[in-house]
Amino acid sequence: MYFLIQSNIYSDPDHYKVFDALEELNIEYGVINISPTADQFDFKTDRKDVFVYGSVTIARLAKQNSDWYPGSFYGGNHLYEVYSQHYGTNLLNHKVSVHKISEEITWEKGEEKFIKPYNEAKIFTGRVFTETEWKDFVFERLENQTNRITADSLIQVSEAKRTIKEARLWIVGGQIVDSGYYRLHEDAPFEENVSQEGLNFANEMIQLFNLEKAFVMDICLTDEGWKIVEINCINSSGFYPNTNVKSVIKALNSYFSK
């Protein structure tokens, strides 16, 4: 399989590991730079067995090349409105409301809310906001002309929940090919590897709805047990320092080269 890699990913300090993995595995690849505001990219190849990796921009634009396989998995079942129908209360935030970012949101005194993009996953990073933090954030982003956020950009809003530990799982062909914690909160004892209970939960969710041939699932432990934080497109999911990038690339190449 041929990997097309976006090189100008400055927000992810571990992005370079993809090049190391491809070189070690002796897998052919190409490199491209893409502007965040691009509406197309010009890359010529006779190969049809192409997998793209980089930002949301390349994942989105690669969908225009319908003859590439696997190409990009952007959109489709990754939308909350789709996968929430299958995962239901297994989602950390299964009760959400959807708004335009410019719309007023009702806040209780001292309330915190978890707010993230609805259908454009990386226009900003979802997190917990207070009312003041959110209003300042919206004002600054709408004034900034260098991002893709507009007054009509959709957000999903839910109750802020307490998590104990959070992990990212890379899933290819219905199998977890790599996993690692990216957040352990103060009251969580250190664990080098994701607990078997967490992996068992994730496998149950894959059996419930194997969302794509390859995707990324973030899970967390809460006071109510394990939950899904969110689903991410594998073409644009970032690596953490403990991600075994070589295992992920090897699994993708093996599965889609069959």
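The values are calculated or read from the model by the stated rules, or taken from the named source; none is laboratory data. Predicted model only: the values in this text are computed from it and were never measured. Cβ atoms come from the backbone with ideal geometry, glycine included; neighbour counts cover every protein chain shown. To get the accessible areas, we keep the full protein, side chains included, count just its heavy atoms, and leave off ligands, DNA and RNA. Shrake-Rupley method; radii C 1.70, N 1.55, O 1.52, S 1.80 Å.
According to the calculation over all Cα-Cα pairs in region 31-162, the P(r) per 5 Å bin from zero is 2, 9, 16, 19, 16, 15, 11, 7, 4, 2, 0, 0 %. Working note: Karplus 6.51/-1.76/1.60 with θ = phi - 60° gives region 239-251 the couplings 8, 9, x, 9, 6, 8, 4, 4, 5, 5, 5, 4, 5 Hz, where Gly and Pro are set to x. The fraction of accessible area contributed by carbon and sulfur in region 2-65 is 44 percent, rounded to a whole number (1.4 Å probe; ligands and nucleic acids excluded). The H on the amide N of E230, modeled in the peptide plane, is under 5 Å from the matching H of D218, each at least 5 residues off or on a different chain.
In order along region 44-52, the phi-based Karplus estimate (6.51 cos²θ - 1.76 cosθ + 1.60, θ = phi - 60°) of 3J(HN,Hα) comes to 9, 7, 7, 6, 9, 8, 10, 10, 9 Hz; Gly and Pro are listed as x. Amide H contacts for T163 (H built 1.01 Å from N in the peptide plane; partners 5 or more residues away or on another chain; cut-off under 5 Å): none found.
I want to verify a result. In a Gaussian network model of the chain, Cα cutoff 10 Å, which of these has the top mean-square fluctuation: D49, D14, D136? Checking each option, the largest mean-square fluctuation is seen for D136. Placing unit charges on the Cβ atoms of the charged side chains and taking the dipole of region 96-159 about its Cα centre, the candidate lying farthest along the positive direction among L142, T125, I105 is T125. Under 5 Å from the amide H of L4 lie the amide H atoms of G30, F51, V52, Y53, each residue being 5 or more positions distant or on a separate chain, with H modelled from the backbone and absent for Pro and chain starts. Once the 1.4 Å probe is applied to the protein heavy atoms, region 165-206 comes out at 50 Å² accessible per residue.
Using a probe of 1.4 angstrom and keeping all protein chains present, the accessible surface of region 2-65 works out to 53 square angstrom per residue. Couplings for region 9-17, taken from phi via the Karplus curve 6.51 cos²θ - 1.76 cosθ + 1.60 with θ = phi - 60°, read 10, 7, 7, 10, x, 9, 4, 4, 4 Hz in order; Gly and Pro are left as x. Each Cα pair of region 2-65 feeds into the Kirkwood radius, which the Stokes-Einstein equation turns, at 25 °C and 0.890 mPa s, into a diffusion coefficient of 199 µm²/s. Taking the helices alone, the chain has a mean residue ellipticity at 222 nm of -7000 deg cm²/dmol, built from -39,500 (n - 2.57) per DSSP H run of at least 4 residues and averaged over all its residues. Expressed in nm², what is the orientationally averaged projection area of the convex hull enclosing the Cα positions of region 96-159? Averaged projected area of region 96-159's Cα convex hull equals 3.9 nm². Extension gain for Y10 to F43 (0.36 nm times residue separation, less C-alpha to C-alpha distance): 9.8 nm. Computed from point charges on the beta carbon alone (+1 for Lys and Arg, -1 for Asp and Glu), the dipole magnitude for the chain about its Cα centre is near 620 Debye.
Across the chain, the longest run free of exposed loop sites, meaning chymotrypsin sites (Phe, Trp or Tyr not before Pro) lying outside DSSP classes H, G, I, E and B with no more than 10 other Cβ atoms within 10 Å, spans 11-189. From the coordinates of this entry, mean projected area of the Cα convex hull in nm² is computed, and it appears in (i) 14.4; (ii) 15.2; (iii) 13.3 under the label (i).
Across region 79-100, the residues whose backbone nitrogen lies under 17 Å from the label position 7 Å along the beta-carbon direction of E111 are 93-100.
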